[in-house]
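Notes follow the structure.
The values are calculated or read from the model by the stated rules, or taken from the named source; none is laboratory data. Note that the structure is predicted; figures quoted are calculated from it, not measured. So basically every Cβ, Gly included, is an ideal-geometry build from the backbone, and we count neighbours across all protein chains shown. For the accessible areas, the whole protein counts, side chains as well, though only heavy atoms, and no ligand, DNA or RNA atoms are used. Shrake-Rupley method; radii C 1.70, N 1.55, O 1.52, S 1.80 Å.
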Amino acid sequence: MSVTVATTPFEGQKPGTSGLRKRVVVFQQEHYTENFIQAIFTAMPAPGAQGATIVVGGDGRYYMRDVVQKIIRIGAANGIARFIVGQDGILSTPAASAIIRKSQADGGIILTASHNPGGPNADFGIKYNTRNGGPAPESVTDAIYAATRTITEYRQVALDAPVDLTTIGCQRFDGFDVEIVDSVADYVELTKSIFDFDLIRRFRQQSPDFSLLFDALNGVTGPYGRRIFVDELGFPESALDQCTPLEDFGGCHPDPNLTYADKLVARVEREKVALGAASDGDGDRNMVLSHDWFVTPSDSVAVIAHYAAECIPYFQRQGLRGLARSMPTSCAIDRVAAAKGLEIFEVPTGWKFFGNLMDAGRLSICGEESFGTGSDHIREKDGIWAIVAWLNILAHVNQTQPGASVRSIMRDFYQVYGRNYFTRYDYEEVGSEGAAQMINDLRAKGSDLVGQTISGFTVAAVNDFEYTDPIDHSISRNQGLRVIFDDSSRIIFRLSGTGSEGATVRIYIERFDPAEFDTDAQVALKPLVNAALEISQLSKYTGRNEPTVIT
């Protein structure tokens, strides 16, 4: 039986590139979560919710299981005929995308705040993916937002008890089915079809001193890591750390970078680990390093693109169609594309922009400097995918260069392409007004900077990145303020929308060197860092003298 509940709109339910993210206590307000779920079903692209199949799951954070139950009740009242739900509500974001595509579902709802902290006093999020498995485009998120602003009621079915989310199998209700699926199985099957697992196993057996350490940061990828790295590839259980999903991520900030994954970084250095890796809360980000080298995300996607058609079966079968990066990501992958005669695309930050190119058959591998890497096997970035790609590359290179390491592979890459030194400074949860004023003032004085020499670098151009999608011809404006110098070095200023409170100011800094590869990136980029702080006057606007995170 369906019941109708009267409600009124809440301000600020506008989903960003990664859905709607707020503090848990905001979502726990009466009707708040229900309003947003109803808005998703109201705005579902044609043919709409009636008779549709949707995939539901999340990263295991606090409040997730409650919201899964709300989605089922409200979705069923709106005509959803079939729910495919990860066991116990658990699905990594890449796995959800894979299941949407494999099952030909009409969409999916992913419950995650990605790399943000979890727990009763932390963050929660709801994100809608369309039938291609990727994040909803702006036309859909705008429709969801419009629905939240005019909502007067939502509908839900009355159930005698909560739906059993633990028992795998199909449960039939009056007018709808709920199918509980193994959270890991489909994703593992897909991953095995992409990479050369036999080659990796032989490499592991022939290289007894090679060590792997994977840290899931108590996020969703723990079970995926255990199934792939231990059960399939034969690494010991000791290769895993923090691989049990926890509602509060064990107090960790589940963001795989040098600051928040400091436990992994320390262990990799102390134990001389050959390949260290981490993934974030919902499994779409990754970090790769060794005891003597940190691989920047910009370099990582470029290296994977360089080797892909040479040793990864998926790309050996279908070839490489094109490469892409988000605008702030370093230009290393551009050099790979030029050498291989491939199209290269520079898009705004947000994985949905890659999806259009993939659906049109023009893009194979892409990445973002924010630790996101992936390919057209799904329509989300994929942390485990990137880590297994590195294992595949290491196994391949060791066939002809025994003892090859992460560091030696990077050195070989720089010998061919040169090095794009890159760093990012994040200033998290700063005052929104001050941050916005800083960006506005930078825009206003942009043309006055051209021709000035700052910290030894001469400004050649200042502009706001604008992107015209080559597939649907939509235009995205004001995607980041770029200061470009006459030697091609770049400083980029952006406000990020992935947090739940305040603003995050991100400053991206890049300089190309064709010959010097071993300088510490912070040393190589220090003059440009100084220039960025001088140009932006960041401390004046934000009150911050030090970044929260340096990548």
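Tabulated results
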{"quantity": "Leading residue by the ranking (nearest to the chain's Cα centre (by Cα)) among those in the stretch 147-169 that are polar (S, T, N, Q) and crowded, with 20+ Cβ neighbours inside 10 Å", "calculated": "148"}
{"quantity": "Which listed residue is touching a Gly at 6+ places or on another chain (Cβ under 7 Å) and of a type in the set (A, V, I, L, M), from 181, 140", "calculated": "181"}
{"quantity": "Output for the stretch 50-73, where each listed residue is touching a residue at least 12 places away in the same chain (Cβ under 8 Å) and open to solvent by 10 Å² or more (accessible area, probe 1.4 Å)", "calculated": "50, 51, 53, 62, 63, 65, 69, 70, 73"}
{"quantity": "Qualifying residue in the stretch 499-519 (condition: β-branched (Val, Ile, Thr) and free of Cβ contacts under 8 Å to residues at least 60 places away in the same chain)", "calculated": "no"}
{"quantity": "Positions within the stretch 256-279 being under 19 Å from the mean Cα position of the chain (by Cα) and of a type in the set (Gly, Ala, Ser), in sequence order", "calculated": "261, 276, 277, 278, 279"}
{"quantity": "Qualifying position, being over 17 Å from the mean Cα position of the chain (by Cα) and within 20 Å of residue 86 (Cβ to Cβ), among 198, 282, 241, 248", "calculated": "248"}
{"quantity": "Which numbered condition residue 135 fails, given (1) in contact with a Ser or Thr (Cβ under 9 Å, 6 or more places away or on another chain); (2) buried (at least 24 other Cβ atoms within 10 Å of the Cβ); (3) modelled with pLDDT of 95 or more; (4) not hydroxyl-bearing (Ser, Thr, Tyr)", "calculated": "(3)"}
{"quantity": "All positions within the stretch 496-527 that are under 19 Å from residue 455 (Cα atoms) and under 27 Å from the mean Cα position of the chain (by Cα)", "calculated": "507, 508, 509, 510, 511, 512, 520, 521, 522, 525"}
{"quantity": "Residue check, residue 246 under 25 Å from residue 397 (Cα atoms) and buried (at least 19 other Cβ atoms within 10 Å of the Cβ)", "calculated": "no"}
{"quantity": "Yes/no for residue 83 being under 23 Å from residue 428 (Cβ atoms), buried (at least 24 other Cβ atoms within 10 Å of the Cβ), in contact with a helix residue (DSSP H, G or I) (Cβ under 6 Å, 6 or more places away or on another chain) and touching a residue at least 24 places away in the same chain (Cβ under 8 Å)", "calculated": "no"}
{"quantity": "For residue 144: the one exception among (1) over 27 Å from residue 227 (Cβ atoms); (2) aliphatic (A, V, I, L, M); (3) assigned to a loop (DSSP other than H, G, I, E, B); (4) open to solvent by less than 50 Å² (accessible area, probe 1.4 Å)", "calculated": "(3)"}
{"quantity": "Verdict on residue 483 being in contact (Cβ under 8 Å) with a residue 40 or more places away in the chain and open to solvent by less than 50 Å² (accessible area, probe 1.4 Å)", "calculated": "yes"}
{"quantity": "Selection from the stretch 13-30 of residues that are at pLDDT 95 or above, surrounded by fewer than 17 Cβ atoms within 10 Å (Cβ to Cβ) and not basic (Lys, Arg)", "calculated": "25, 28, 29, 30"}
{"quantity": "Extreme residue, farthest from residue 406 (Cα to Cα), among residues of the stretch 291-309 that are touching a helix residue (DSSP H, G or I) at 6+ places or on another chain (Cβ under 7 Å) and open to solvent by 10 Å² or more (accessible area, probe 1.4 Å)", "calculated": "309"}
{"quantity": "Complete set of residues in the stretch 34-47 that are in contact with a helix residue (DSSP H, G or I) (Cβ under 8 Å, 6 or more places away or on another chain) and farther than 13 Å from residue 75 by Cα", "calculated": "45"}
{"quantity": "Search result, residues across the stretch 249-265 that are among the charged types (D, E, K, R) and open to solvent by 30 Å² or more (accessible area, probe 1.4 Å)", "calculated": "262, 263"}
{"quantity": "Helices (runs of 4 or more DSSP H) enclosed by the stretch 289-392 - at least 2 residues per element that are among the hydroxyl-bearing types (Ser, Thr, Tyr) and closer than 22 Å to residue 418 by Cα", "calculated": "297-311"}
{"quantity": "Test: residue 285 is open to solvent by 50 Å² or more (accessible area, probe 1.4 Å) and basic (Lys, Arg)", "calculated": "no"}
{"quantity": "Which listed residue, of 176, 235, 210, is over 27 Å from residue 312 (Cα atoms), in contact with a Lys or Arg (Cβ under 8 Å, 6 or more places away or on another chain) and touching a residue at least 12 places away in the same chain (Cβ under 8 Å)", "calculated": "176"}
{"quantity": "Search result, residues across the stretch 81-100 that are more than 17 Å from the chain's Cα centre (by Cα), not small (Gly, Ala, Ser) and not in a strand (DSSP E or B)", "calculated": "99, 100"}
{"quantity": "Residues of the stretch 444-457 satisfying the condition of being in contact with a strand residue (DSSP E or B) (Cβ under 6 Å, 6 or more places away or on another chain), surrounded by fewer than 17 Cβ atoms within 10 Å (Cβ to Cβ) and of a type outside the set (A, V, I, L, M)", "calculated": "452"}
{"quantity": "Only one of 316, 401 that is farther than 21 Å from residue 465 by Cβ, without any contact (Cβ under 8 Å) to a residue 24 or more places away in the chain and touching a Ser or Thr at 6+ places or on another chain (Cβ under 9 Å)", "calculated": "401"}
{"quantity": "The stretch 24-40, residues that are touching a strand residue (DSSP E or B) at 6+ places or on another chain (Cβ under 6 Å) and under 20 Å from residue 115 (Cα atoms)", "calculated": "24, 27"}
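Condition check ((1) touching a strand residue (DSSP E or B) at 6+ places or on another chain (Cβ under 7 Å); (2) not hydrophobic (A, V, I, L, M, F, W, C)) across all residues:
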{"site": "274", "(1), (2)": "yes, no"}
{"site": "277", "(1), (2)": "yes, no"}
{"site": "280", "(1), (2)": "no, yes"}
{"site": "284", "(1), (2)": "yes, yes"}
{"site": "309", "(1), (2)": "no, no"}
{"site": "321", "(1), (2)": "no, yes"}
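So that you can scan it fast, the table gives a plain yes or no per residue for (1) over 17 Å from the mean Cα position of the chain (by Cα); (2) surrounded by 24 or more Cβ atoms within 10 Å (Cβ to Cβ); (3) modelled with pLDDT of 95 or more; (4) outside any strand (DSSP E or B):
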{"site": "79", "(1), (2), (3), (4)": "yes, no, yes, yes"}
{"site": "102", "(1), (2), (3), (4)": "yes, no, yes, yes"}
{"site": "115", "(1), (2), (3), (4)": "no, yes, no, yes"}
{"site": "125", "(1), (2), (3), (4)": "no, yes, yes, no"}
